[in-house]
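Here the structure comes first, spelled out in structure tokens, and everything after it is commentary.
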Amino acid sequence: MTSGQGQAAILGRGDDAHDTKAAHFVFVPLNEHGHLIPAVDTALLLATHGALCTIVGPPSTTTRVRHTVESAQQSGLPVRLVEFPLDYAESGLPEGADYADRIEPMHMMSYYRAVALLRGPIERHLRAHAPPFPTCVVSDFFNPWTAELAASLGVPRLSFFSICAFSILCQHNVERFNAYDGVEDSNAPVVVPGLERSFVVTRAQAPGFLRGIPIPEWEELADYIERARAEADGVIVNTFLEMEPEYVAGYAEARGMKVWTVGPVALYHQGAATLASRGNVPAVDAAECLRWLDGKEPGSVVYVSFGSISQADPKQVVELALGLEASGHPFVWVVRNAGGYDEAVRAFLRELEARVAGRGLLIRGWSPQAAILSHAAVGGFVTHCGWNSTLEAVTAGLPLVTWPHFTDQFLNEKMAVEVLGIGVSVGVKEPLTYQAVKKEILVGRDVVEAAVRSVMGGGEEAEGRRRRARALAAKARAAMEEGGSSQANLLDLVKRFETGAAAKQVQGSVVDGI
Ligand code: UDP
């Protein structure tokens, strides 16, 4: 197949009875769960407020979100899902290497090339199915080629971030002020420039998006992404204003563009059946899992998960397990890819399960995380500090044991521990992967036990963290309710990008107009 020959497929019921004046957002997400889940929730929230949303992507994207989108379509939301096949031959991507979060580093560039080749087919599809013509492209910041898509369509483009404003601003500042210039040691402490408060990072912890990888093509991609971010017409962030007003304002000022905070977007699923299957089909019966939690005291269970990408190595699995067991607290522990461990580890996990029967629940595979975190029995979260997980914990009013693994997670840890005061760190200082090289970093069982006891136990510090977490949760919910800051921003987006309004913005200066 050559570029552009693939047939687009409209999935699900689509929407034919739309309001022709309504805003029409075209979402171009990245198919990593941590990017995709909040992007789809944002699209559904905009659709709830009257916009038409078209979510586009390769089959690896549509497969992951199809059930969520179809259930929104069934409830009458104007949302479309359109699938475009990837051109393996043209991009050099091996067939089947379609998922950004599972890809070998050697295929990463071909993956980005393959996705970028969708520009032509997406544009042709959108033109062929107009009206309604798109009024705005909302693109994951990892899809810089959408700058050309939006320009060719003649509509504004907003970057979508599933990272808090604090972390985006820190990343931006270390890059724009060249904070690491002359610093040889990648583990040397450096103060993030341009902020009122002092936050210390290292280049290994916060190298900048795709920076510091000694592959020239990656550096070029990083530059391309940065150009596309700098030239965007605005930014949508899954956060809420009241949690970090100074960093939202700081990023808006640094970029000279409007920032719409629209989160916590997971609240779209509040009280809905889709909460348990948000993002994926769980590997366990969610109802059974919630019944298990029903039998526990309020606030007594610690939930342990390291997101959708991190894979603990065998020694770490054992240390973590023994630390959790020794903590004495009930726990739900999500073990990713448990089948991938050798028989010795699998046997160890079975024995652990037998020892902690009734007190510890292991989930092997995808967990209904959003549903578990919102259960009253859960009182703390051991997390890798992926931003979605962190925000979901905030929304549930939970204190955290912070255990960053890589990318923005070290900055998100600072957000939880130093800015919000709701986390206890296990003390990891280096990423598991740096410059595409894996490191062995082991957090011992004693450290795990102490951190869990500290977050789940009594005492003034633990109570203070819980109080702050609960206060934040109340603010998070208020932000999404009528009159709240996130809801106001969603409504503003829908209004600002309705047909006519969006065209005017593109003729004038979009940035000035916003
Ligand atoms: N998630 C889930 N079940 C799992 C693993 C992850 O529901 O077993 C969801 C989680 O609720 C969050 C997202 O997947 O919304 C993971 O994003 P995050 O930014 O926390 O971490 P990442 O996976 O990107 O490292």
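The values are calculated or read from the model by the stated rules, or taken from the named source; none is laboratory data. Note that the structure is predicted; figures quoted are calculated from it, not measured. Because the Cβ atoms are built from the backbone with ideal geometry, glycine has one as well, and the counts that use them run over all protein chains shown. Calculation scope for accessible area: heavy atoms of the full protein, side chains included, ligands and nucleic acids excluded. Shrake-Rupley method; radii C 1.70, N 1.55, O 1.52, S 1.80 Å.
Looking across GLN205, GLN316, GLN311, one residue alone is open to solvent by 30 Å² or more (accessible area, probe 1.4 Å) and closer than 22 Å to TRP403 by Cβ. It is GLN311. What do you reckon, is ALA130 within 16 Å of the ligand (Cβ to nearest atom), open to solvent by less than 50 Å² (accessible area, probe 1.4 Å), out of contact with any helix residue (DSSP H, G or I) (no Cβ under 7 Å at 6 or more places or on another chain) and under 23 Å from GLU498 (Cα atoms)? Considered against the rule, which asks whether it is within 16 Å of the ligand (Cβ to nearest atom), open to solvent by less than 50 Å² (accessible area, probe 1.4 Å), out of contact with any helix residue (DSSP H, G or I) (no Cβ under 7 Å at 6 or more places or on another chain) and under 23 Å from GLU498 (Cα atoms), ALA130 comes out as no. Contact annotation: residue pairs with Cβ atoms under 9 Å, 6 or more positions apart or on different chains, pairing a residue in region 364-379 that is at positive phi with a partner that is of a type in the set (Val, Ile, Thr) and near the ligand (Cβ under 7 Å from one of its atoms), are GLY365/VAL334. Looking across region 253-296, the residues that are within 14 Å of the ligand (Cβ to nearest atom) and touching a Pro at 6+ places or on another chain (Cβ under 6 Å) come down to VAL265, ALA276, PRO282, ALA286. If you check VAL56, VAL65, VAL26, VAL82 for being of a type in the set (Val, Ile, Thr), in a helix (DSSP H, G or I) and open to solvent by less than 20 Å² (accessible area, probe 1.4 Å), only one passes: VAL65.
Taken as a whole, region 133-152 holds no residue that is over 22 Å from THR42 (Cα atoms), open to solvent by 20 Å² or more (accessible area, probe 1.4 Å) and in a loop (DSSP other than H, G, I, E, B). For region 381-411, a residue qualifies if it is open to solvent by 20 Å² or more (accessible area, probe 1.4 Å) and in contact with a Ser or Thr (Cβ under 7 Å, 6 or more places away or on another chain), and the qualifying residues are ASN388, ALA396, PHE406, ASP408. Cβ-Cβ contacts under 6 Å between residues 6 or more apart (or on different chains), taken from a first residue in region 405-418 that is of a type outside the set (Gly, Ala, Ser) to a second residue that is more than 9 Å from the ligand (Cβ to nearest atom) and part of a helix (DSSP H, G or I), are listed as ASP408/SER167; LEU411/SER167; LEU411/CYS170; ASN412/SER167; MET415/PHE166. Of all the numbered requirements in (1) free of Cβ contacts under 8 Å to residues at least 60 places away in the same chain; (2) part of a loop (DSSP other than H, G, I, E, B); (3) on the phi < 0 side of the Ramachandran plot, ALA204 misses one, and that requirement is (1). Filtering region 364-377 to residues that are more than 7 Å from the ligand (Cβ to nearest atom) and not in a loop (DSSP other than H, G, I, E, B) leaves ARG364, ALA371, ILE372, LEU373. When LYS475, LYS414 are screened for being under 21 Å from the mean Cα position of the chain (by Cα), under 18 Å from LEU241 (Cβ atoms) and open to solvent by 10 Å² or more (accessible area, probe 1.4 Å), only LYS475 passes. If the condition is being outside any helix (DSSP H, G or I), buried (at least 16 other Cβ atoms within 10 Å of the Cβ) and at pLDDT below 95, then region 478-514 contributes GLU498, THR499, ILE514.
Checking VAL378, VAL356, VAL304 one by one, the residue that is buried (at least 17 other Cβ atoms within 10 Å of the Cβ), of a type outside the set (Ser, Thr, Tyr) and within 21 Å of the chain's Cα centre (by Cα) is VAL304 and no other.
For SER159, are the conditions met, namely being of a type outside the set (D, E, K, R), touching a Gly at 6+ places or on another chain (Cβ under 9 Å) and either on the phi > 0 side of the Ramachandran plot or not in a helix (DSSP H, G or I) (or both)?
Working: of a type outside the set (D, E, K, R): yes; touching a Gly at 6+ places or on another chain (Cβ under 9 Å): yes; either on the phi > 0 side of the Ramachandran plot or not in a helix (DSSP H, G or I) (or both): yes.
Criteria met by SER159.
Among the conditions (1) farther than 24 Å from SER159 by Cβ; (2) in contact with a His (Cβ under 9 Å, 6 or more places away or on another chain), PHE133 misses just one, which is (1). Taken over region 177-206, residues that are under 16 Å from TYR247 (Cα atoms) and charged (D, E, K, R) amount to 2.
One line per residue, one yes/no per condition, for (1) in contact (Cβ under 8 Å) with a residue 40 or more places away in the chain; (2) over 25 Å from THR407 (Cα atoms):
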{"position": "GLY307", "(1), (2)": "yes, no"}
{"position": "HIS329", "(1), (2)": "yes, yes"}
{"position": "VAL334", "(1), (2)": "no, no"}
{"position": "ALA338", "(1), (2)": "no, no"}
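Could you tell me whether any residue of region 77-88 is under 25 Å from VAL40 (Cβ atoms), within 16 Å of the ligand (Cβ to nearest atom) and touching an Asp or Glu at 6+ places or on another chain (Cβ under 6 Å)? Scanning region 77-88, I find no residue that is under 25 Å from VAL40 (Cβ atoms), within 16 Å of the ligand (Cβ to nearest atom) and touching an Asp or Glu at 6+ places or on another chain (Cβ under 6 Å), so the answer is no. Note on region 89-110: residues that are in contact with a helix residue (DSSP H, G or I) (Cβ under 7 Å, 6 or more places away or on another chain), in a helix (DSSP H, G or I) and not polar (S, T, N, Q) total 1. What do you reckon, is ALA344 within 16 Å of the ligand (Cβ to nearest atom), of a type in the set (Gly, Ala, Ser) and either modelled with pLDDT under 95 or open to solvent by 50 Å² or more (accessible area, probe 1.4 Å) (or both)? So ALA344 does not fit the description; no.
Consider region 403-415 and keep the residues that are touching a helix residue (DSSP H, G or I) at 6+ places or on another chain (Cβ under 7 Å) and within 12 Å of the ligand (Cβ to nearest atom). The one that is farthest from VAL455 (Cα to Cα) is ASP408.
What are the residues in region 421-461 that are open to solvent by 30 Å² or more (accessible area, probe 1.4 Å) and among the hydrophobic types (A, V, I, L, M, F, W, C), if any?
LEU432, ALA436, VAL437, ILE441, LEU442, VAL447, ALA450
Counting residues in region 258-269 that are of a type outside the set (Val, Ile, Thr), open to solvent by 50 Å² or more (accessible area, probe 1.4 Å) and in contact with a Ser or Thr (Cβ under 9 Å, 6 or more places away or on another chain) gives one or more.
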